[in-house]
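A.B. asks: Let me begin by handing over the structure; questions about it come next.
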Amino acid sequence: MNNMNYTNQVKEMCPVKVGAHHGCAPIPQEGQWTYSKKVEDISGFTHGIGWCAPQQGACKLSLNVKNGIIQEALVETIGCSGMTHSAAMASEALVGRTVLEAVNTDLVCDAINTAMRELFLQIIYGRTQSAYSEGGLLIGAGLEDLGKGLRSQVGTTYATLEKGPRYLELAEGYITRLALDENSEIIGYEYLSLGKFTDFLKKGLDANEALKKATGSYGRFAEAVKYIDPRTE
C-alpha cells in the first residue's frame, strides 16, 4: 500500500478501521464448497454458447478446468466456414492456460471469444455442470458429449412457405430420404450415420456395404406413401 498514490484530499483524511470484511462467499465446485480467492482455486467442467457480431455463426465451447488450468477443450462451431478454422487454432490456444488468461486471449473468432466469456462467468460463480459432482469430471468428458463417431450433435432443417420443410441433418445423421404420408406430411426419415460409415470404410469394408450398414430409419418410415430426397425434390 505504501506504493499507492493518493490525492491530497485523501491524504488529509483520518484513518478509520475497515471492520466489516467477512471474506468471499463459498461456491460449489466439484462436490465441495470452496473459497475462490486465487485463479488456482477454480475447478469445474462446463459448457457455454457464443455468437459473432453479425450473428452469422455460433460456437459451443466446453472446458474442463482443474486448479485454474484448462486441461480439456471442446470447440464446436456452426454457420461460418472461417469459424471452423478458428476453432482449430482456439483448441490449441486454450489448453494449458488459466481461465483468466483464456478470457483475455484472442481466440481468433468473435463467437469463440464470446463463448469463453460466458464460460468464465459460469466458472467463477460456481455455476459449472460439475458443481455438485464429487471430484469433478474426468479429463475426456468432452469427448463423451460427442458420442460414437466423435461427431457434433447437429440439426439442420430448412423450410419455405411454398414448399414446406426439409430435414437435412439430425442427431442420427445425414438425412437421405423423407417419408411422406397421403397428406404429404413427414412421418419419418432415412439417415446415413457418417461416423459409422467412415469407420466401416477405414476397416476396409466395401463402400456399398458400408453405406448399407450405416443407413437406418426413424419414425413410420416403412409406412410412407411417398419418399423424397430433401436436397433435390
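No lab work stands behind these numbers, since they all come straight from the coordinates. Just so it is clear, the structure is predicted and the values come from calculations on it, not from any experiment. Note: ideal-geometry Cβ built from the backbone for every residue, glycine included; neighbour counts use all protein chains shown.
A.B. asks: Tell me, what HN-Hα J-couplings in whole Hz come from the Karplus equation 6.51 cos²θ - 1.76 cosθ + 1.60 at θ = phi - 60° for each residue of segment 227-233, using x for Gly and Pro?
C.D. replies: Karplus-based 3J(HN,Hα) across segment 227-233 equals 10, 10, 7, x, 9, 10, 10 Hz.
A.B. asks: Under the Karplus relation 6.51 cos²θ - 1.76 cosθ + 1.60, θ = phi - 60°, what is the ordered set of whole-Hz ³J(HN,Hα) values for segment 166-180, x standing for Gly and Pro?
C.D. replies: So the J values, rounded to whole Hz, are 9, 8, 10, 7, 10, 3, 5, x, 6, 7, 9, 9, 9, 9, 10.
A.B. asks: Follow-up. Under the classification rounded if a/c is under 1.5, otherwise prolate if a/b is larger than b/c and oblate if not, where does segment 100-153 fall, given a ≥ b ≥ c as square roots of the Cα gyration tensor eigenvalues?
C.D. replies: Judged from the Cα gyration tensor, segment 100-153 comes out oblate (a/c at least 1.5, b/c at or above a/b).
A.B. asks: Would you count, across the chain, every pair of lysines whose alpha carbons are under 16 angstrom apart, provided the pair is eight or more residues apart or spans two chains?
C.D. replies: 13
A.B. asks: Grab every C-alpha pair in the chain, bin the distances at 5 angstrom width from 0 up to the longest one, and report whole percents.
C.D. replies: Once binned at 5 Å, the Cα pair distances of the chain give 1, 6, 10, 12, 11, 11, 11, 10, 9, 7, 4, 2, 1, 1, 2, 1, 1, 0.
A.B. asks: What residue among V75, Q55, V18 has its Cα farthest toward the positive end of the dipole of the chain, where the charges are +1 on Lys, Arg and -1 on Asp, Glu, each on the Cβ?
C.D. replies: V18
A.B. asks: Right, next: What's the ranking of 72-81, 198-207, 216-225 by average number of surrounding C-beta atoms within 10 Å, highest first? Working shown, then result.
C.D. replies: Numbers: 72-81: 19.2, 198-207: 12.5, 216-225: 14.1.
Taking the mean over residues of other Cβ atoms within 10 Å, the ranking is 72-81, 216-225, 198-207.
A.B. asks: Once fully extended, how much extra length lies between T157 and V10, figured as 0.36 nm per residue of separation less the alpha-carbon to alpha-carbon distance?
C.D. replies: Values: separation 147, 0.36 × 147 = 52.92 nm, distance 6.35 nm.
That pair, T157 and V10, stretches by 46.6 nm at full extension.
A.B. asks: Among 170-179, 59-68, 151-160, how do they line up by average Cβ neighbours within 10 Å per residue, starting with the highest?
C.D. replies: Working: 170-179: 18.5, 59-68: 22.5, 151-160: 11.7.
Answer by packing, highest mean first, reads 59-68, 170-179, 151-160.
A.B. asks: Need the full-extension length gain, K148 to Y132, defined as separation in residues times 0.36 nm minus the C-alpha distance. One decimal, nm. Can you show the working numbers first?
C.D. replies: Details: separation 16, 0.36 × 16 = 5.76 nm, distance 2.66 nm.
Here the segment from K148 to Y132 would lengthen by 3.1 nm.
A.B. asks: Still on this structure, please answer the following. Do you know the relative contact order of the chain, to the nearest whole percent, from alpha carbon pairs under 8 angstrom that are 6+ apart? Could you put the intermediate results ahead of the total?
C.D. replies: Values: 426 pairs, mean separation 36.3, N = 233.
Answer for the chain is 16 percent.
A.B. asks: Okay, next question. Choose one of Y218, N208, A171: the residue whose Cα lies farthest towards the positive end of the charge dipole of segment 154-233 (beta-carbon charges +1 Lys, Arg; -1 Asp, Glu; about the Cα centre).
C.D. replies: N208
A.B. asks: Between rounded, prolate and oblate, where does segment 27-72 land on the alpha carbon gyration tensor, with a ≥ b ≥ c its root eigenvalues, rounded for a/c under 1.5, else prolate if a/b exceeds b/c?
C.D. replies: Numbers: a/c = 2.76, a/b = 2.65, b/c = 1.04.
Cα axes put segment 27-72 in the prolate bin.
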